[in-house]
Structure formats: C-alpha cells, structure tokens
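Contents: one structure, followed by commentary.
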Amino acid sequence: MRKIIFTTESGADLPKELAEKHNIKTVPMHVVMDGTDYKDDGSLPVSKIYDYYNRTKLIPSTTSTNPNEYEEFFAQIKAENPDCTIVHIGYTSKASSSFHNAEIAAENFEDIYLIDALNVSAGLTVVTLYAAQLLESNPDIPMDELIQKIQASVPKSRMSFVPGSLEFLKAGGRVSNAAYISASLLQIKPLIELIDGKLVSTKKYRGKMSRVAEELLKDYLKKYPIDKKQIYFVFSIGLDEQVKVQMEQSAKEKGFENVTWIQAGSVISTHGGPGAFGIAGMEQ
C-alpha cells in the first residue's frame, strides 16, 4: 500500500496538534540574534525575540532552511518510511530562498513532489491542510490528480494581516522614520496581503485593533468568497484576548462553522511584531 507524506516549513505556523493529526512533517527555518542561530522549531520562545528588540531596538534576522538541511530532512523521512512519496508544500518562493533550496535537495531523491504555496503562515497552512484532508477523504486518488488539485488550490488560499504596530517594520527598514511617526500618531495599521506570492501593502486602517480587526474581516469576506466551513485567524503574542473573543464571535455570526486560531511562530513574529492579527481561508 502506498504511503504519501506531506511536508512543509515552520513558516506555515502549523499547530502541532494538526501536524500530528494529519502526519505532516515540518522542517524548521531559522532566527538569528546575538550571533546565535536558533531553529524555528518551537524551542525559541517568541517572547525572547521581543525582549531582544526591547533591549537593542533591532529585530533578529531570519534565514531559510538550507539545501543540506532539506536533504537530511527528506532522507530521514525516507529512512523511516521506505518507498514513501513525499509531497512538500513550501513557503512562497517570492519571499524566501527556502523553496529553491528544497528543489536543490530533492534532486537527490525519487518520489518527491514540490509545490510552491505562494503563501506564508496561515495561508501556507490552508494549502497544506487542504492537501492532507483531500488525501484522507480519497486515499485512492491518482498521484497526478492529487498534485493537480493541490496546485489548483494555491491561488484559492487567501491571507491578509495587519501588524500590531509599525515598530518592527521600522526596525527592519520597511518604513521611514517620518512615516512611522505620523502613522503611530494616527494609529494607522497597514493591511498586508499575499498577492501572487508577494507581501503587498494594499490598504491602511486607522484605530485600535478591535476596530481594525472587524474592518479587516468585513473587507476580506467582501473581496474573497471564502468557504464557510473553515476560517483561520492568525495572531502574534500581544494581541488582546478580548479581540480574539470578539473576532471568534463575529466569524460565527457570519456563518463560519469552524474557527481555528494559529499562533505565529518565531520567524513570522520576527517580521510581524507583537499584537498582529490576520485571516486565512480557502475560496469556494
């Protein structure tokens, strides 16, 4: 009997319980600070990143999984599961070299399929879970059809988010000091969307996160015909718990059957900063 194993990267922020439930393997990306390279495998508390910023006013750097790490990752899966087929669903190639590194490593193996999800964080999780659930619901699906359906789902995975503040964007050189000051005074929060695999600022919201989150959900659902069976809310540490309660209630009032919260890991939190909120789902 054939065995297909799905893999992805830590930049998907795939919750551990869902990874275990669907037997999805995750390879870590990296966070570098104070001269130390940390694997984004859950062992580095996100709070340590924020402490580092508070102490230095610098944000850590992040690096992709390199080809040697991918080769070891794939080799271990193959050793534990002889004759298995690996389907790797990767972090957008438009924002990281990680997918290209996976391509390099995959040349040394047979039966590895690579799919560029053109997404990050919960948007990447949406595609990965779709793939796993598709196979579970139809275990005899031909391999070509499975890959084709996963690839067809990529442009249907939609993710949008707003950072909690502009401090991390400023520290990372993504906004000027003048723009940061004026935006902070006006409580402006940029909307970041994944468009063709690229992170693009498409709109600006003004006000507290409780108001911004509601506006984001309203605009998101107006723009995208999201399947009401499932919606994902992604957040970074620092988001007010009341906002989480409010948004879950709002999603259910809008007809969503399931709401899953995803906490941003170290790599995503390094770029988004504390208190960020985002939405991801699959179009019908």
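Read-outs throughout are calculated quantities, based only on the coordinates presented, and are distinct from any laboratory measurement. Here the structure is a predicted model, which is why all the values come from computation and not from measurement. Please note: Cβ atoms are built from the backbone with ideal geometry, for glycine as well, and neighbour counts cover all protein chains shown.
Using the scaling law 2.2 N^0.38 Å as the reference, what is the normalised Cα Rg of the range 96-161?
The range 96-161 yields a ratio of 1.19.
Quick one: what do you get for the range 37-138 if you divide its Cα Rg by 2.2 N^0.38 Å?
After normalising by residue count via 2.2 N^0.38 Å, the value is 1.26.
Take the cross-link list LYS189/LYS228; LYS57/LYS229; LYS48/LYS228; LYS208/LYS254; LYS57/LYS228; LYS48/LYS223 and give me the ones stretching past 31 Å between alpha-carbons. Could you put the intermediate results ahead of the total?
Values: LYS189/LYS228 27 Å; LYS57/LYS229 42 Å; LYS48/LYS228 36 Å; LYS208/LYS254 22 Å; LYS57/LYS228 41 Å; LYS48/LYS223 36 Å.
From the list (LYS189/LYS228; LYS57/LYS229; LYS48/LYS228; LYS208/LYS254; LYS57/LYS228; LYS48/LYS223), the Cα-Cα distance tops 31 Å for LYS57/LYS229; LYS48/LYS228; LYS57/LYS228; LYS48/LYS223.
Using Cβ contacts closer than 10 Å as the measure, can you line up SER165, SER160 from fewest to most?
So the ranking, lowest neighbour count to highest, is SER165, SER160.
Check VAL87: other-chain or 5+ apart residues with amide H under 5 Å from its amide H, H built from backbone geometry?
HN-HN under 5 Å from VAL87: ILE5, PHE6, THR7, TYR113.
Can you work out the Karplus-derived ³J(HN,Hα) for every residue in the range 194-206? Use 6.51 cos²θ - 1.76 cosθ + 1.60 with θ = phi - 60°, whole Hz, and x for glycine or proline.
Each residue's phi maps through the Karplus curve to give 8, 10, 6, x, 10, 7, 10, 7, 10, 6, 10, 10, 10 Hz.
Just round it to a whole percent: the fraction of Cα-Cα distances in the chain exceeding 30 Å.
That tail contains 29 percent of the Cα-Cα pairs.
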